[in-house]
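So the structure is just underneath, and the comments pick up after that.
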């Protein structure tokens, strides 16, 4: 038998998404503080929404879009990378602003 695909992917329960998301954010000490629960809730909502929309996609077009645990882990990883990048950009801009303000205050 050729061209057989076995669907091994099952949906993660919401508790698992929350647990994995929380541990991933805490593990890397992203300093989310009071926003941690909301950020993890956002990840969970995004993942579950994509799962639901993928079902609709299949029902309409008869094409699969697999949403796997790896997809969720990639979402978490992308967030961590983007957060680090944006924090670096903000720090650079803040430092430039501070240098400019210091120069203005010394030229008075």
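The values are calculated or read from the model by the stated rules, or taken from the named source; none is laboratory data. Small disclaimer: the values here were computed from a predicted structure and weren't measured. Cβ: placed from backbone, ideal geometry, glycine included. Neighbour counts: every protein chain shown.
Scanning segment 59-88 for residues that are in a helix (DSSP H, G or I) and over 26 Å from residue 23 (Cα atoms) yields 59, 60, 61.
Evaluation of residue 49 against the conditions (1) surrounded by 12 or more Cβ atoms within 10 Å (Cβ to Cβ); (2) modelled with pLDDT of 95 or more; (3) under 24 Å from residue 20 (Cβ atoms) shows that the sole unmet condition is (1).
Screening residue 35 on (1) touching a residue at least 40 places away in the same chain (Cβ under 8 Å); (2) within 20 Å of residue 82 (Cβ to Cβ) shows it passes everything except condition (1). For segment 80-95, the criterion of being free of Cβ contacts under 8 Å to residues at least 40 places away in the same chain, under 14 Å from residue 12 (Cβ atoms) and over 18 Å from the mean Cα position of the chain (by Cα) is met by none of the residues. Residues in segment 29-40 that are loosely packed, with under 15 Cβ neighbours inside 10 Å and modelled with pLDDT of 95 or more: 34, 35, 37, 38. Just for segment 52-76: of the residues that are closer than 23 Å to residue 86 by Cα and in contact (Cβ under 8 Å) with a residue 12 or more places away in the chain, which one is surrounded by the most Cβ atoms within 10 Å (Cβ to Cβ)? So, considering only residues that are closer than 23 Å to residue 86 by Cα and in contact (Cβ under 8 Å) with a residue 12 or more places away in the chain, the one surrounded by the most Cβ atoms within 10 Å (Cβ to Cβ) is 72.
Being in contact with a helix residue (DSSP H, G or I) (Cβ under 6 Å, 6 or more places away or on another chain) and more than 17 Å from residue 24 (Cα to Cα) is a property that does not hold for residue 95.
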